[in-house]
Amino acid sequence: MGVVLPKPGFLEGIQRLTEKYGALFICDEVITNFRLSKGGAQEYFGIKPHITCMGKVLGGGMPLGAYGGRREIMEKVAPEGPVYQAGTLSGNPLSVVAGIATLSELFELNPYKRLEELTLRLINGIKDILTHKGIPHRINHVASMFTVFFTEEEVYDYESAKKSNRELFAKFFRALLKEGVLIPPAQFEAWFLSTAHTEEDIDLALEKIKKAVSSL
């Protein structure tokens, strides 16, 4: 559904409920791990899940997934505990080496502040272009992730996201593709910036986006 941020207190409320009823608090950080911060979304939003699922950035472009959790939970997993686990690619050397190299770079460079600055530069440029054209829009963002929704209303859940003008998004996508800018092909996906992007890339993208929007 794209970037839809939790309302203030929502995640903390879930955490309190899991503690109250003795349930596991599991965070799916397949997309957000190491993308929002070194500690992922849980560090960014200040929450402490029992179990975390990870992937994507973790593998540095190679297929790699992982999960982790609190000591008392992970001690239940084989070979230490009775809970069986196995996988065809478990511990794949190439993926693991790529993951270690990626995390080493991220922890050494700590690029998160720069990434957010570049993201805001791009977002603000897109807002100006769409506003000048008179196209209703909302841009939700967190760190280096964002989604352009073609709607006037606030987007805070799936129902509000569905009100977006998907026909207009399809035209927007095709116009950008014609200009050599490749974005996610669906209204309900997130856009990402990476450490490879530069200010020059952002400025060039905005030039292309401006030209594409003028054709809508």
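Listed by chain and number, the lysines whose C-alpha is less than 19 Å from the C-alpha of residue 113, apart from same-chain residues fewer than 8 away, are 38.
Given a Förster distance of 45 angstrom, what is the FRET efficiency for residue 100 paired with residue 157, based on the Cβ-Cβ distance and rounded to 0.05? Approximately 0.75, to the nearest 0.05. Computing Rg and the Kirkwood Rh from the Cα coordinates of segment 112-192 gives a ratio, Rg/Rh, of 0.95. Remark: 53, 27 ranked as 53, 27, counting other beta-carbon atoms within 10 Å and listing the fewest first.
Here the spin labels are modelled as points 7 Å beyond Cα on the Cα-Cβ line, and at residue 168 and residue 196 they lie 3.2 nm apart.
Report, in whole Å, the centroid distance computed from the Cα atoms of segment 191-216 and segment 101-144. Here the two parts' Cα centres lie 11 Å apart.
Dipole check for the chain: with +1 at the C-beta of Lys and Arg, -1 at the C-beta of Asp and Glu, and the Cα centre as origin, the magnitude is about 400 Debye. A simple spin-label model places the labels of residue 50 and residue 24 0.7 nm from each other, with each point 7 Å out along Cα-to-Cβ. Here residue 20 is the anchor, and the lysines within straight C-alpha reach of less than 24 Å, apart from those fewer than 8 places off in the same chain, are 7, 48, 76. Among the chymotrypsin sites (Phe, Trp or Tyr not before Pro) within segment 27-112, those in coil by DSSP and having at most 13 neighbouring Cβ atoms inside 10 Å are 84.
Taking every alpha-carbon pair within segment 10-109, the share separated by more than 22 Å comes to 38 percent.
The ellipsoid equivalent to the alpha-carbon distribution of the chain has semi-axes of 35, 22, 15 angstrom, derived from the gyration tensor eigenvalues as √(5λ) and listed largest first.
Readers should treat all values here as calculations from the given coordinates under stated rules, not as data from a laboratory. Predicted, not measured: the structure shown is a model, and the values here were computed from it. Neighbour counts are summed over all protein chains in view; Cβ atoms, including those assigned to glycine, are modelled from backbone coordinates with ideal geometry.
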